[in-house]
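The values are calculated or read from the model by the stated rules, or taken from the named source; none is laboratory data. Predicted model, so just to flag it, every value in this text is computed and none were measured. Glycine also receives a Cβ, built like all others from the backbone with ideal geometry; neighbour counts cover every protein chain displayed. Accessible surface is based on the protein model in full, side chains and every heavy atom, while ligands, DNA and RNA are left aside. Shrake-Rupley method; radii C 1.70, N 1.55, O 1.52, S 1.80 Å.
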Amino acid sequence: MLLDVDNIFMNFGGIAALKGISFSVPEGQVVSVIGPNGAGKTTLFNIVTGFQKPTAGQVRFAGSVVTGLLPHRIAKHGLIRTFQKTEVFPALTVMECVRIGLLNNFQPSLFSVLTGKAEVAAFVKNSVLEVADILEMVGLHSKSEYLAQELSYGEQRLLEIAVGLAARPRLLLLDEPSSGLNAEESSRFSTLVRRLQKQKITIVLVEHNMNVVMGVSDQIVVVHHGEKIAEGTPEAVSQNRDVIKAYLGREWVTDAVG
Ligand SMILES: Nc1ncnc2c1ncn2[C@@H]1O[C@H](COP(=O)(O)OP(=O)(O)OP(=O)(O)O)[C@@H](O)[C@H]1O
Ligand SMILES: [Mg+2]
């Protein structure tokens with residue numbers, strides 16, 4: 001397994017946000033974590049990526065325990081996330097934003113920068129090609145010179161994914177990437193997920209858009225009130241009685257699978 005989330009508990013004062021969640025993500029798969037608002041999905045992402053420390057439990061990535069490591073250390077392992085609330089650098093161009101993501105893979109010493117070391121020159125030169133590739137993949141290549149703040153909301157969300165990709169993730173965690181995307185952008189996003197999967201990037205998705213979830217997921221983990229209530233293929237999960245109960249009043253379960 002690439003990622004093992006093992007019996008995670010998280011208390012905020014008197015609130016038990018996570019109550020012993022476990023699941024595993026095999027390399028190369030797309031796994032979606034779904035559940036009603038407040039179920040604990042973002043908290044789970046925060047714990048996996050080191051932004052919060054769990055009250056109890058362990059996270060293992062590629063066999064190493066990463067619980068308690070700082071976020072930038074975890075990112076160096078190739079565990080990269082995006083945020084539920086869009087975070088781009090408004091005054092930088094699209095290309096410049098993506099270059100910042102690339103720095104996850106390279107931190108030259110001041111000495112090697114000032115002395116014009118070949119490795120630094122090679123990194124900057126290659127980064128131009130890599131940035132172009134990434135922007136092509138997310139469909140923002142024609143906007144590379146735009147300021148991030150000039151993009152539409154949906155484009156900013158795609159830019160955020162581009163920055164994550166520049167960090168060369170082995171596992172990419174996306175927190176509601178398609179919220180605020182229009183129908184065309186959502187379907188472009190689903191295509192992007194499949195392309196990333198072909199490039200051997202493992203993906204964990206928190207997502208409310210059930211067309212996206214049903215279309216791209218190999219496995220789904222359902223969280224409700226901080227507990228895992230079901231997991232399995234999209235077909236199995238959408239027929240699960242506990243899941244239907246948790247989502248009572250929403251039509252997606254039957255809609256999404258027909
Ligand atoms: N820093 C915090 N302090 C106190 N309570 C928190 C904190 N972060 C989250 N919670 C609580 O933990 C629970 C889970 O929140 P979380 O944001 O993980 O849910 P979510 O599944 O991501 O919801 P949504 O779908 O709305 O994004 C909620 O009851 C929330 O109010
Ligand atoms: Mg959330």
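Things worth noting here:
- Residue within the range 19-36 that is closer than 18 Å to Ala246 by Cβ and in contact with a Gly (Cβ under 6 Å, 6 or more places away or on another chain) present: yes
- Of everything listed in (1) over 24 Å from Asn7 (Cβ atoms); (2) basic (Lys, Arg); (3) buried (at least 17 other Cβ atoms within 10 Å of the Cβ), the single unmet condition for Lys76 is (3).
- In this entry, Gly68 is excluded by the filter for residues that are more than 21 Å from Ile229 (Cβ to Cβ), without any contact (Cβ under 8 Å) to a residue 60 or more places away in the chain and within 16 Å of ligand 1 (Cβ to nearest atom).
- Pair list, Cβ < 6 Å and 6+ apart or interchain, from the range 33-46 residues that are near ligand 1 (Cβ under 6 Å from one of its atoms) to residues that are open to solvent by 10 Å² or more (accessible area, probe 1.4 Å): Gly35/Lys41; Gly35/His224; Ala39/His224; Gly40/Ala17; Thr42/Gln84; Thr43/Met10; Thr43/Ala17
- If you go through the range 34-48 and pick out every residue that is more than 9 Å from ligand 2 (Cβ to nearest atom), open to solvent by 10 Å² or more (accessible area, probe 1.4 Å) and assigned to a helix (DSSP H, G or I), you end up with 1.
- Residues that are assigned to a helix (DSSP H, G or I), open to solvent by 60 Å² or more (accessible area, probe 1.4 Å), of a type outside the set (A, V, I, L, M, F, W, C) and modelled with pLDDT of 85 or more, drawn from the range 84-132: Glu96, Arg99
This table checks each residue for (1) within 16 Å of ligand 2 (Cβ to nearest atom); (2) touching a Lys or Arg at 6+ places or on another chain (Cβ under 9 Å); (3) assigned to a helix (DSSP H, G or I); (4) of a type outside the set (Phe, Trp, Tyr).
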| position | (1), (2), (3), (4) |
| --- | --- |
| Gly164 | no, yes, yes, yes |
| Leu174 | yes, yes, no, yes |
| Ser178 | yes, yes, no, yes |
| Leu181 | no, yes, no, yes |
| Leu196 | no, no, yes, yes |
| Lys200 | no, yes, no, yes |
| Val212 | yes, no, yes, yes |
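- Checked against the criteria, Ala166 counts as open to solvent by less than 20 Å² (accessible area, probe 1.4 Å) and away from ligand 1 (no atom under 16 Å from the Cβ).
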